Amino acid sequence: MTKTNALRLLETAGIPFECSTYEVDEDDLSGTHAAELLGIDPDCMFKTLVCHDDKGGHEVFCIPVAEELDLKKCAVAAGVKRVEMIHVKELLPLTGYIRGGCSPVGMKKKFPTYIHETAIVFDEIYVSAGQRGLQMKVNPEQLAEYVEAPFADLTKG
């Protein structure tokens with residue numbers, strides 16, 4: 001297993017985590033597929049999405065893999081008028097991560113980060129460890145404290 005920047009940072013911070021690997025299917029990079037391959041409840045596996053706002057800033061949102069981002073709720077959480085998903089081609093230069101391997105930990109720059117409120121009902125959640133096919137299981141409150149992320153309602157429904 002490759003030790004990614006995200007894993008090194010959590011290790012240095014003394015935050016416990018466990019890693020799980022799965023075979024990447026380039027035709028299906030969805031988090032629900034990854035959860036299925038790992039035998040994990042998709043409600044406790046979170047995807048990391050990056051948006052830009054009307055003020056020229058960027059925000060990071062972690063939501064359950066089967067859910068859809070509610071851009072209006074995200075804007076409210078971020079205290080801006082509007083947010084939109086960045087284009088996939090912007091992801092690597094902006095964060096250092098590629099689609100399907102974006103972690104809320106260890107981006108090139110620290111962005112305001114928000115975690116969906118359902119994360120707090122789990123003792124541990126899964127998020128990308130910074131590369132496709134590698135997930136890390138971590139306590140959501142420790143993760144939120146480390147990335148300075150409040151919990152908020154971020155999804156449709």
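Bear in mind these aren't lab numbers, they're just calculated from the coordinates by the rules spelled out. Being a predicted model, the structure only gives us computed values, none of them experimental. Because the Cβ atoms are built from the backbone with ideal geometry, glycine has one as well, and the counts that use them run over all protein chains shown.
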What trypsin sites (Lys or Arg not before Pro) in segment 15-79 are in a loop by DSSP, with at most 16 other Cβ atoms within 10 Å of the Cβ?
55
Quick check on segment 5-152: of the DSSP beta bridges with both residues there, what percent are antiparallel, nearest 5%?
75
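Taking neighbour counts of Cβ atoms within 10 Å as a proxy for exposure, in what order, fewest first, do 127, 65 appear?
Ascending number of Cβ neighbours within 10 Å: 65, 127.
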Amide H to amide H under 5 Å from residue 153: which residues, 5+ apart in sequence or cross-chain, H placed 1.01 Å off N in plane?
117
Which of 33, 116 has the fewest Cβ neighbours within 10 Å, and the rest in rising order
33, 116
For the chain, what are the DSSP H helices with axial Cα length of 30 Å or more and mean Kyte-Doolittle hydropathy of at least 0.5?
none
Using eta = 1.567 mPa s and T = 4 °C, Stokes-Einstein with Kirkwood Rh from Cα pairs puts D for segment 5-152, in µm² s⁻¹, at 85
Compute the normalised compactness of segment 1-74: alpha-carbon radius of gyration over 2.2 N^0.38 Å, N being the residue count.
1.31
In nm, to one decimal, how far is the modelled label at residue 9 from the one at residue 110, with both set 7 Å along Cα→Cβ?
1.0
